[in-house]
Each structure stands twice: as C-alpha cells, then as structure tokens.
1. If I take every Cα pair under 8 Å that is 6 or more residues apart in chain A, average their sequence separation and divide by the length, what percent do I get for the relative contact order?
2. Once every Cα of the range A:1-157 carries one equal point scatterer and solvent is ignored, give the base-10 log of I(q)/I(0) from the Debye formula at q = 0.13, 0.21 Å⁻¹, two decimals.
3. Which whole-Hz ³J(HN,Hα) couplings does the range A:59-73 yield from phi under the Karplus relation 6.51 cos²θ - 1.76 cosθ + 1.60, θ = phi - 60°, glycine and proline marked x?
4. For helix A:188-197, report the angle its Cα long axis makes with the longest principal axis of the Cα atoms of chain A; keep it between 0 and 90° and round to the nearest 10°.
5. In peptide B:7-19, how many Cβ atoms from other protein chains are near each Cβ within 10 Å, on average?
6. Magnitude of the Cβ-charge dipole of the range A:126-219, K/R +1 and D/E -1, about the Cα centre, nearest 20 debye?
7. Could you give me the radius of gyration and the Dmax of the range A:15-78, taking only the C-alpha atoms into account and expressing both in angstrom?
8. Any idea what log10 I(q)/I(0) is at q = 0.11, 0.12, 0.14, 0.16 Å⁻¹ for the range A:72-198, Debye with uniform C-alpha scatterers and no solvent?
Amino acid sequence: MDREGILLDSGLQFFGTVSASISHEIKNSLATMREQAGLMEDLLTMAERGMQINLERLRDLATRINRQTERADEIVKNLNRFAHSVDEPSVAIGLADLARLVCALVHRSASQKGMEVAVREPAPSITVETHPFFLAHLLWQCVQFAASRQEGRGAVEIEVGEGGDQACLVVRSSGTLSDRPPPLFPDSTETALLDRVGAAVTVADNGRELTVQLPKHTG
Amino acid sequence: MRVLLVDDEQELVSTLAERLAMRGIEADWVTDPDQALERVKRSGYDVAVLDVKVPKISGLTLKKQLEELRPDMKFIFMTGHGSESDFREGVEQAGAGFYLIKPVKIEVLIERIREVLRD
C-alpha cells in the first residue's frame, strides 16, 4: 500500500477509535445525569407523600448534575476540535494545545488500562506548521506505544519542548518497563505519518522514550 | 435480594444503588474489578450488574472470575458503547443472557433483575 493509502486506512481507524471512545464518555455522562435527575424525582415523590426530605440534598444533586453538563460540554469541545483538525492541510498549531487535546482523547482508554497520561510544557508556547489531524494521530501512536511498553499501572508523560529551530514532543513511560522486546517503531503507519507531518523520531532507553522533532513555525 | 453494581463511573453507580435501595433492593457498588472480587469473596450477592468495560479487564472476564467464587450468581451487563448487535453477541457468548444499553431506566433494570433471578 502506498503512503496515501496507509494514511487513509490508519486515519479512518484512528478517527473511528476516538469517536467511539468519546461517544462512550458522553453516554456515561448522560446516564449519570439521568440517574441524578431520577433521584431528585424520587426525593420529590417522597416529599409529596409527606416524608421529610433534606433540601441540601436536592441542592447537592442539582450541583452534581451541573458538573456533569460541564463535563459533557468539555468532552464535546474536544470532539469538535478533533473533528475540525481535518479542515486544513497545513496550519500553525500550538504544540502544547495539540498535546493536551490528544491527552484528553486518550484519557478514557488509558485509564481503563490503569494508565495516566499528562502533558508537561516547561518551554514557552511553541508553534509548528503542519496537518493537525496527522500530527495528532502520530502523537496518539506514540502514546499507545509508550503505554504498551509498561507492565501494569503506570504513567505516560508528553513533554513539549524545543531545541534550536526544532520543536520536540517527548513521550515518556514511567513505571515498570515490560520484559518483552519493544515492537518496531516507527512501523509503516508511523513512517507515513512522520513523512506527512515533516517530522523525525528517535527511540531511546529500550523504548521508554520517544522524541518527535519537527521544525518550529517562525512566521 | 442483594445486588452488586460494578462501573467505573462512581457518581452513576452510587446514585443507582441509592435509587434501588429506595425501592427495597439492597445494592452495593464498586468502581473496579478488584473491589468487586473482594466484595464477593466476603459476602454473597444474587445478581451482579456489570459494565462491559471496567478498568483493567473486560466485564466478561470479570464475570468469569466472579462465577468461580459464586457459581449461583446471576449477571446483567450494561454498555454505553459499541453497536447493539456486537454487544448482544458478546454477551450471549459469555452466557450472561441479559444486557442493557445506557442510559438505563431504573424500572427496566429492576425488571431485568427480577427476570434473571426467575431464570
């Protein structure tokens, strides 16, 4: 398969995986709101029957429902940003913003595996000019690789940095490294993504650390 | 009748447990499989209501582990993801028999609990 075919195939899979994960999160938020609203109804029914109810309890439930709507709103914002990442083939992107988006997108699947993913940005705001969707996909692949290197619970850190005229994304696993030899990285998908976004990757420390470098945007 | 609810959404599962209790059904809740196994080791439950995706392992795998501890326990699965047909197929393969798609109506859940205990 040629590069474009690989990007299309793997991109569709990535889009599907992320969309499914987000829909699951939204469903959970809706289900929680439904139960909390249902509990309010139950308490009000009890009050109608002459039983004493605690008004603070109702207020607390209202606050919790509000919290869930805020959570769902944040999830939908991330979905919207992700969906719009395919709009333009090349734009100036804040690297930390992109890293935070990928972190949010991967959060649920990571926590299912007992994994935490966090972004560190010690350097000031760094911008690159490339295709946002493909860079997000590449970073996703890096995070999946880092997570696969760990045994049991652990954490993956994405550090946004720079070196000279290059911007860097360092994806680092903490926790116990697996005894298994690391899989090939970059594979054909990652090679196609690196090529598409104009980046290079180095793998260090038996697969514990990946560094993706691409030119900083200076315009 | 004692029910164990297993879902990583703490607010969801704790509220569900409270609503079941208001309807005369004793319900405990946990948010991960290790807690579920601990609870079942300590005391018996008639029914476990499991999310298909719990942290670390699948709901189907957890079901098998719980069955080893309590072979008479019945199971109901809940899911918020995937196609209904995929989910149903997986659940039937696991022999669970009952499944619900989130968000679940409390009356429907109670009906399923009673049905699964009748079987």
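Here, each number is a calculation from the coordinates, and none is a lab measurement. For clarity, every value in this text was computed on a predicted model and none was experimentally measured. Here the Cβ is made from the backbone with ideal geometry for all residues, glycine too, and neighbour counts use every protein chain on show.
1. 19
2. Log-scaled intensity ratios, in q order: -0.74, -1.36.
3. Using θ = phi - 60°, the values come out as 5, 4, 5, 4, 4, 5, 5, 4, 4, 5, 5, 5, 4, 4, 4 Hz.
4. Tilt relative to chain A: about 90 degrees.
5. Numbers: counts 3, 4, 8, 1, 12, 10, 3, 3, 11, 6, 1, 6, 6.
The shielding value for this peptide is 6.
6. On the way: 7 positive and 12 negative charges, 38 e Å.
I would put it at about 180 debye.
7. So, for the range A:15-78, Rg and Dmax equal 15.3, 53 Å respectively.
8. Summing over Cα pairs of the range A:72-198 leads to -0.38, -0.46, -0.63, -0.83.
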